[in-house]
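K.L.:
Below are the structure tokens for one structure; questions will follow.
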Amino acid sequence: MKAEYSLILLKLGGGLLTDKNKPFSIREDIIKSAVKQIIDANEKIILLHGGGSFGHPLAKKYSISNGFDESIPNQILGVAKTHHSMIKFNSYVIEQFLERNYPVLSIQTSSIFIQKSNKISLETLDVLETALDLKIMPVLYGDIMLDKSGSFTILSGDEIILKLCESLKSYSISKVVFAMESDGLFKTNKSGSKNCNLLTECYSTELDDLILADLGQKIDVTGGIKSKLTHIKKICTYKIPVQLINGLTEGNIFKSLKNQKINCTNILIKE
Ligand code: IP8
């Protein structure tokens, strides 16, 4: 039996949940607040979180995104360490829900995704779908991903979302929400200009014509805002609207999940 759910895919950015400049640092208050808002909203959600300071510094140190390289000392051990670091981070997030008696199931990204001939393959949807049917919220995270050719890479939370949009055909995904550390995308009139305004609403078809402000980068092995934009455009090809919200603003996550108005970026789909 497949119910006609309205499902939300919510990604909590790793930069929001951790201090990306300080390895293995959890922003406890922000995580606890996000967890409370998700529980209060009580919607059907697949939750994802990024790597933040648990994933990116290790992934960078061992150059994991670029695949197997014999010249990098202890790289294979680095793959295992990066994965384990993500498990520790994910366990903290999971514990926050369980302490509040909210049913969540950690789904190990690197066990259900594998790369084959440069394509990401989602080996089974059964676990995710069955968890949703049982009213358990699946929680996935950016992780290492093995490659059938005898290598590996990093699979970001954004790529997982894209793959889910492509694969979860029997569920109606009502929107994808990215909770980040800023109000959304900022547009500027000319490249390099310091004057920028929040882009509050835009059709996916207009994204290519925008000049977006580059608001600084932290270590991000999966490409930062530019790569996010590429993923957003692909998500929109599945006719799914995307919302970018500031997860630091109290109540924003709850309001977004409840479709209440907030100051953010809404990428709309033309009917
Ligand atoms: O923060 C990256 O996931 P993201 C995961 O969603 C690792 O890009 C392990 C760096």
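K.L.:
Among the residues of region 74-85, is there at least one that is in contact with a Lys or Arg (Cβ under 8 Å, 6 or more places away or on another chain) and not charged (D, E, K, R)?
P.N.:
yes
K.L.:
Turning to a different aspect of this structure: Pairs needed: first member in region 4-28, on the phi > 0 side of the Ramachandran plot; second member anywhere, of a type in the set (Gly, Ala, Ser) and within 14 Å of the ligand (Cβ to nearest atom); C-beta distance under 9 Å; at least 6 residues apart or different chains.
P.N.:
Partner pairs satisfying both residue conditions: Phe24/Ser53; Phe24/Ser85.
K.L.:
Filter region 109-126 down to the residues that are touching a Leu at 6+ places or on another chain (Cβ under 8 Å) and not in a strand (DSSP E or B), then identify the one that is surrounded by the fewest Cβ atoms within 10 Å (Cβ to Cβ).
P.N.:
So, considering only residues that are touching a Leu at 6+ places or on another chain (Cβ under 8 Å) and not in a strand (DSSP E or B), the one surrounded by the fewest Cβ atoms within 10 Å (Cβ to Cβ) is Leu125.
K.L.:
Tell me which of these Leu132 doesn't satisfy, since it passes every other one: (1) within 16 Å of the ligand (Cβ to nearest atom); (2) surrounded by 20 or more Cβ atoms within 10 Å (Cβ to Cβ); (3) more than 16 Å from the chain's Cα centre (by Cα).
P.N.:
Going through the list (1) within 16 Å of the ligand (Cβ to nearest atom); (2) surrounded by 20 or more Cβ atoms within 10 Å (Cβ to Cβ); (3) more than 16 Å from the chain's Cα centre (by Cα), Leu132 breaks only (1).
K.L.:
Quick check on my filter: what residues within region 157-190 are assigned to a loop (DSSP other than H, G, I, E, B), within 16 Å of the ligand (Cβ to nearest atom) and open to solvent by less than 10 Å² (accessible area, probe 1.4 Å)?
P.N.:
Across region 157-190, there are no qualifying residues.
K.L.:
Which members of region 74-107 meet the condition of being buried (at least 18 other Cβ atoms within 10 Å of the Cβ) and under 13 Å from Phe152 (Cβ atoms)?
P.N.:
Once the filter is applied, which keeps residues that are buried (at least 18 other Cβ atoms within 10 Å of the Cβ) and under 13 Å from Phe152 (Cβ atoms), region 74-107 yields Gln75, Gly78, Val79, Thr82, His83.
K.L.:
Give Ile39, Ile87, Ile72 a once-over and let me know the one that is without any contact (Cβ under 8 Å) to a residue 12 or more places away in the chain and either of a type in the set (Val, Ile, Thr) or within 10 Å of the ligand (Cβ to nearest atom) (or both).
P.N.:
Ile72
K.L.:
When the residues of region 4-59 are narrowed to those that are part of a loop (DSSP other than H, G, I, E, B) and under 20 Å from Asn259 (Cβ atoms), which ends up most open to solvent (accessible area, probe 1.4 Å)?
P.N.:
Result: Glu4.
K.L.:
Please pick out the residue among Ser149, Ser65 that is over 24 Å from Leu9 (Cβ atoms) and of a type in the set (S, T, N, Q).
P.N.:
Just one listed residue meets the conditions, Ser149.
K.L.:
Next question, about the same structure. So which of Lys163, Lys187, Lys148 ends up being basic (Lys, Arg) and within 23 Å of Lys44 (Cβ to Cβ)? Show your work before the answer.
P.N.:
Values: Lys187 fails: within 23 Å of Lys44 (Cβ to Cβ); Lys148 fails: within 23 Å of Lys44 (Cβ to Cβ).
That would be Lys163, the only listed residue that is basic (Lys, Arg) and within 23 Å of Lys44 (Cβ to Cβ).
The values are calculated or read from the model by the stated rules, or taken from the named source; none is laboratory data. Small disclaimer: the values here were computed from a predicted structure and weren't measured. Glycine gets a Cβ as well: all are built from the backbone with ideal geometry, and neighbour counts include every protein chain shown. SASA here: full protein model, heavy atoms, side chains in, ligands and nucleic acids out. Shrake-Rupley method; radii C 1.70, N 1.55, O 1.52, S 1.80 Å.
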